[in-house]
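The values are calculated or read from the model by the stated rules, or taken from the named source; none is laboratory data. Given the structure is predicted, the values throughout are model-derived calculations rather than measurements. Backbone-built Cβ (ideal geometry, glycine too); neighbour counts: all protein chains shown.
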């Protein structure tokens, strides 16, 4: 997409699906840059900040959250239809989020335990990323996303250039800023070698291991990350390993469940659709 | 410049370097490792500390002597000080009729590098060739390199992952130092036999009035360095690595490595000779200010070989093969030497302990088996 013509401020919309709002808050957290940003962009639809929602279509939509209900399925198609550029932000929108733990269980069983009247709950069997349903122009990873990266993506869009959001591992950021490797030197389990850069290697800078909140680095050319090769070196029990891979990007790090077939899941979703429309 | 001198402590040398206007960089203990950092006092040297190295493992250990340089290669080489990870090349500001570009003059460095190991000394020479020896000079590197004063320390305590002896780069320092020390430990603390490499080195020693070395100490120093060659923890197979790499492009071993390699890029970033950078442009929100930065890059980054249409080296296999065959093979064609100095950092700081000496041995064995099979086939048909 070319640079936005000078004169008219491009419009920005921010949308929320199944999520905690943390990534939207990253936009408000751009305190020092917020005035400059609103000088260049008209924030037309951002319910977290203002209940006054301007009419679409919008030049840029930031979408937070995963698709978890039949209503979400309709709404994400609407968002796509009214957005020139659709950018997904955060682990929920790009990987299904921590709520995608349901993909490895039976959501209807969960609902029957949690809710007094589970038949009122309209939900899909899986929590899925936005890109599974509509074309996405750019995915910004993180839980939450990084403020500098969000500004970089918006600035790049305004200038008509590609955003500088490298796809390499967190190790690049550690080495660039001079962090000592906590895994090799301290024996601290760290997912950094297989995790997408972007956070600036915050955790290792404070002596902690990376826990993968930016999801896997796609350094394997579209195949699964080489998690299997790293695990024996993390010196963790099977249970600890299971837990460390079962967080915000669980579907991206963990293998798909073997017990349930894709066809069954689609059938579940159709039933949920029927339930919701009743 | 052949005088051999002796120092009983490094305090006077440190003070002389400071008087000459140098910032002294050297080994010191931080975060449970011996890192290279600016020394605000000579007491910051890691006296009495050693290291225990293994593939994917690094631990400090206490020594029962007061040696300051009885430790092998640490987490980083001198690369971050000479070939910095982030360099601003220029910035530009929008004017009424275009842009005003402001070049970023390279920041002149005046660094004294204290404790450069023979492997790392050779690595600096290799980066000199790459970054200043061709048609295009890296101005940032050149400025920092020109101002550097190098105090090498011969190796008397090689680590478990060291193999400089088989790469011909140590344990005795080759050319390129201003001063070279050999540390001798004793009951009165360490003392240092000093070889002078340059006039600049001689001037510094004149300043502190170093004594002529005791012949017994010189003999002992030489003997300890010679003996260190036999205590290397690793050995690179003795054969033409350049030929082996060229003949191994289709080896099955690359698939085996790809099963283990994380493509994380640590090997290239700790390697003292890896030099690749990328260039990126940034703009601010107003669109009135732009900057161009040079950043470390790595052949393990999927974007490194990205062209329109996709990544040329899309698989971990193709990236590891590129790294190793360049380092040990095509580096000879490009720069006239090997790109490996045997420091062993890529072995230690690989999170999954991939050991290039093991990989090379496996490639050698695979090539030998293939040759045997071909010979057997020839005989049976002949």
* Could you run through region B:275-303 and say how many residues are more than 30 Å from residue B:98 (Cβ to Cβ), free of Cβ contacts under 8 Å to residues at least 60 places away in the same chain and surrounded by 18 or more Cβ atoms within 10 Å (Cβ to Cβ)? => 6
* Determine whether residue A:228 is modelled with pLDDT under 90, surrounded by fewer than 20 Cβ atoms within 10 Å (Cβ to Cβ) and within 16 Å of residue B:351 (Cα to Cα). => yes
* Only one of these conditions is not met by residue A:175: (1) within 14 Å of chain B (Cβ to nearest Cβ); (2) under 18 Å from the mean Cα position of the chain (by Cα); (3) crowded, with 18+ Cβ neighbours inside 10 Å. Which number is it? -> (2)
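From the list A:158, A:150, which one is touching a strand residue (DSSP E or B) at 6+ places or on another chain (Cβ under 7 Å) and not in a loop (DSSP other than H, G, I, E, B)?
Details: A:158 fails: touching a strand residue (DSSP E or B) at 6+ places or on another chain (Cβ under 7 Å).
Result: A:150 is the single residue among A:158, A:150 that is touching a strand residue (DSSP E or B) at 6+ places or on another chain (Cβ under 7 Å) and not in a loop (DSSP other than H, G, I, E, B).
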* Test: residue in region A:29-50 that is over 20 Å from residue A:86 (Cβ atoms), more than 14 Å from chain B (Cβ to nearest Cβ) and out of contact with any helix residue (DSSP H, G or I) (no Cβ under 8 Å at 6 or more places or on another chain) -> yes
* Asked: Of A:243, A:148, A:167, which residue is under 27 Å from residue B:81 (Cα atoms), surrounded by fewer than 24 Cβ atoms within 10 Å (Cβ to Cβ) and more than 10 Å from chain B (Cβ to nearest Cβ)?
  -> A:148
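Kindly indicate whether any position in region A:204-215 is touching a strand residue (DSSP E or B) at 6+ places or on another chain (Cβ under 7 Å), within 28 Å of residue B:87 (Cα to Cα), within 12 Å of another protein chain (Cβ to nearest Cβ) and not in a loop (DSSP other than H, G, I, E, B).
Taking region A:204-215 and keeping what is touching a strand residue (DSSP E or B) at 6+ places or on another chain (Cβ under 7 Å), we get A:210, A:212-215.
Pick out the ones that are also within 28 Å of residue B:87 (Cα to Cα) and you get A:210, A:214.
Add one more test, that the residue is within 12 Å of another protein chain (Cβ to nearest Cβ), and what stays is A:210.
Adding the requirement that they be not in a loop (DSSP other than H, G, I, E, B) leaves none.
Within region A:204-215 (the criterion being touching a strand residue (DSSP E or B) at 6+ places or on another chain (Cβ under 7 Å), within 28 Å of residue B:87 (Cα to Cα), within 12 Å of another protein chain (Cβ to nearest Cβ) and not in a loop (DSSP other than H, G, I, E, B)), the answer is no, since none of the residues qualifies.
May I ask you to say which residue of B:222, B:129, B:135 is at negative phi, surrounded by fewer than 18 Cβ atoms within 10 Å (Cβ to Cβ), at pLDDT 95 or above and out of contact with any helix residue (DSSP H, G or I) (no Cβ under 8 Å at 6 or more places or on another chain)?
Details: B:129 fails: out of contact with any helix residue (DSSP H, G or I) (no Cβ under 8 Å at 6 or more places or on another chain); B:135 fails: at pLDDT 95 or above.
After ruling out the rest, the residue left standing is B:222.
Name the single residue, out of those in region A:178-194 being more than 7 Å from chain B (Cβ to nearest Cβ) and either surrounded by 18 or more Cβ atoms within 10 Å (Cβ to Cβ) or in contact (Cβ under 8 Å) with a residue 60 or more places away in the chain (or both), that is nearest to residue B:30 (Cα to Cα).
Filtering region A:178-194 for residues more than 7 Å from chain B (Cβ to nearest Cβ) gives A:179, A:182, A:187-192.
From what is left, the residues that are either surrounded by 18 or more Cβ atoms within 10 Å (Cβ to Cβ) or in contact (Cβ under 8 Å) with a residue 60 or more places away in the chain (or both) are A:179, A:182, A:189-192.
Values: A:179: 11, A:182: 12, A:189: 20, A:190: 20, A:191: 23, A:192: 21 Å.
Residue satisfying both the conditions and the ranking: A:179.
Pick out, from region B:24-92, the strands (runs of 3 or more DSSP E) lying fully within it that include 1 or more residues that are under 17 Å from residue B:181 (Cβ atoms).
Numbers: elements: B:33-38, B:49-54, B:57-62.
Per the criteria, B:33-38.
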* Filtered residue count, region B:260-294, keeping only those that are within 25 Å of residue B:133 (Cα to Cα), assigned to a strand (DSSP E or B) and more than 7 Å from every other protein chain (Cβ to nearest Cβ) -> 6
* Subset tally (residues that are in contact with a strand residue (DSSP E or B) (Cβ under 6 Å, 6 or more places away or on another chain), at pLDDT 95 or above and more than 17 Å from residue B:5 (Cα to Cα)) for region B:138-186 -> 5
* Asked: Does any residue of region A:98-121 turn out to be out of contact with any helix residue (DSSP H, G or I) (no Cβ under 6 Å at 6 or more places or on another chain), surrounded by 15 or more Cβ atoms within 10 Å (Cβ to Cβ) and within 26 Å of residue A:152 (Cβ to Cβ)?
  -> yes
* helices (runs of 4 or more DSSP H) within region A:1-89 that include 1 or more residues within 17 Å of residue A:147 (Cβ to Cβ) and modelled with pLDDT under 95 -> A:22-28, A:31-40
* Can you spot a residue in region B:304-314 that is within 14 Å of another protein chain (Cβ to nearest Cβ), over 20 Å from residue B:254 (Cα atoms), free of Cβ contacts under 8 Å to residues at least 40 places away in the same chain and not in a strand (DSSP E or B)? -> yes
* **Every residue from region B:359-382 that is free of Cβ contacts under 8 Å to residues at least 12 places away in the same chain and either within 18 Å of residue B:326 (Cβ to Cβ) or surrounded by 15 or more Cβ atoms within 10 Å (Cβ to Cβ) (or both)** => B:370
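Does residue B:53 count as more than 14 Å from chain A (Cβ to nearest Cβ) and buried (at least 21 other Cβ atoms within 10 Å of the Cβ)?
Working: more than 14 Å from chain A (Cβ to nearest Cβ): no; buried (at least 21 other Cβ atoms within 10 Å of the Cβ): yes.
No, not satisfied.
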* Restricting attention to region B:65-73, does a residue exist that is within 14 Å of chain A (Cβ to nearest Cβ) and closer than 26 Å to residue B:204 by Cα? -> yes
